[in-house]
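> Would you mind keeping the following structure in view while I ask a few things?
Derivation of every value follows stated rules applied to the coordinates shown; laboratory data play no part. Quick caveat, the model's predicted, so the values are computed rather than measured. A quick note on method: Cβ atoms are made from the backbone with ideal geometry, for glycine too, and the neighbour counts reach across all protein chains shown.
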Amino acid sequence: MILALDAAVKQCSVALFTTSVIVDEIVEANAFNASEKINVLIQNILQRNNITMQDIEAVAITNGPGSYTGLRIVSAAAKAICYALNIPLITCSTLLVSCYAHIEVQNKYDYFIPTIDARRDEVFMAIYDKNFKEVLADQPYIVVNESPNFINSEKKYLIFGNGAEKFKKLSTLNTTICNDTNYSAKHLWLPTISELKAKNFADVAYTKPNYTKSFYTNQKK
């Protein structure tokens, strides 16, 4: 049994799955208090499925980009479990995982552009092809009033996520914009299985969230 955790954007969620099926999921709409909720959600999903921590064979998490606080909390919780049980830790890009919330339209578009709002005119984004293979790696991007150079007018794109609204001011052909954040921990299932088969595990001691850009605060002078 694999335990999946996510609090990278606006909600906090946990899921259980095997290599063949999604077993269960709990979603908490507000991720702002993830530090108070994540351990409770883990306990609840284990109890209602009659599973103990000893039944967990690996932990998978969204590892950024996303909320600094949410990423740190999920990473810390996952690493603690993996260290205590001596089991693998699997980390997946938040942007890649969000693509799997759109798997039902996978063949309708040539490229998928997941986005996360990074405030003002900036988003975190990446580009994946219709097989969800990375074309452009996770990066910050400032949305300006001109067609992005990564858009080919002869191809069909789906731009989605809570930063997608910022692209509506652009007049780009064959681009569908979907301002949603419908992904959750259960969407870690397929990318996790792929990483599991490849034995691509994170270093429990040294892995860190992928914040994509440096964290900063306004300091008083």
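> For LYS155, give me every one of the aspartates and glutamates with a C-alpha distance below 19 angstrom, ignoring sequence neighbours fewer than eight places off in its own chain.
Once the sequence-local aspartates and glutamates are set aside, what remains near LYS155 is GLU104, ASP110, ASP129, GLU134, GLU146.
> From the backbone phi of region 8-22, what are the Karplus-calculated ³J(HN,Hα) couplings (6.51 cos²θ - 1.76 cosθ + 1.60, θ = phi - 60°) in whole Hz, Gly and Pro given as x?
7, 10, 9, 10, 10, 9, 10, 9, 10, 8, 9, 6, 10, 7, 7
> Among VAL40, PHE124, TYR141, whose Cα lies farthest out toward the positive end of the dipole of region 23-148, if unit charges sit on the beta carbon of Lys, Arg (+1) and Asp, Glu (-1)?
It is VAL40.
> Now a separate question. Which helices count as membrane-span-like in the chain under these terms: full DSSP H, at least 18 Å along the axis by C-alpha, Kyte-Doolittle mean of 0.5 or more? Please report the intermediate quantities before stating the final value.
Values: long enough: 34-48 (21 Å, 0.03); 68-85 (26 Å, 1.08).
The qualifying helices are 68-85.
> Please compute the modelled spin-label separation between TYR206 and ASP129, points set 7 Å along Cα→Cβ, answer in nm with one decimal.
Those two pseudo-labels are separated by 3.2 nm.
> Right, something else. Under a point-charge model restricted to the Cβ atoms of Lys and Arg (+1) and Asp and Glu (-1), what is the dipole moment magnitude of the chain relative to its Cα centre, in debye to the nearest 20? Walk me through the numbers on the way to the answer.
Values: 22 positive and 21 negative charges, 109 e Å.
Once rounded to the nearest 20, the dipole reads 520 debye.
> Rounded to the nearest 5, what is the percent of antiparallel bridges among the DSSP beta bridges in the chain? Could you put the intermediate results ahead of the total?
On the way: 23 of 40 bridges.
About 60 percent, rounded to the nearest 5.
> Near LYS37, which lysines are there with a Cα under 19 Å away, not counting those fewer than 8 places off in the same chain?
Excluding near neighbours in sequence, the set is LYS10, LYS79, LYS186.
> As an exercise, take the mean of 1/r over every pair of distinct alpha carbons in the chain, invert it, and state the Kirkwood radius in angstroms.
Numbers: mean 1/r = 0.0559 Å⁻¹.
Here the Kirkwood hydrodynamic radius works out to 17.9 Å.
> DSSP beta bridges in region 1-64, what fraction antiparallel, as a percent rounded to 5? Provide the component values of the computation, followed by the final result.
Numbers: 11 of 15 bridges.
Of the beta bridges lying entirely in region 1-64, close to 75 percent run antiparallel.
> Provide the packing ranking of 65-73, 87-95, 129-137, i.e. peptides ordered by the mean count of other C-beta atoms within 10 Å per residue, highest first.
Numbers: 65-73: 21.6, 87-95: 24.0, 129-137: 12.4.
So the order, starting with the most tightly packed, is 87-95, 65-73, 129-137.
> Something else: Once you keep just the Cα pairs under 8 angstrom separated by 6 or more residues, what percentage relative contact order results for the chain? Write out the running numbers ahead of the final one.
Working: 464 pairs, mean separation 48.6, N = 221.
Rounded, it is 22 percent for the chain.
> With runs of 4+ DSSP H residues as the only contributors, calculate the mean residue ellipticity of the chain at 222 nm using -39,500 (n - 2.57) per run, divided by the residue total and rounded to the nearest 500.
-6500 deg cm²/dmol, from helical runs alone.
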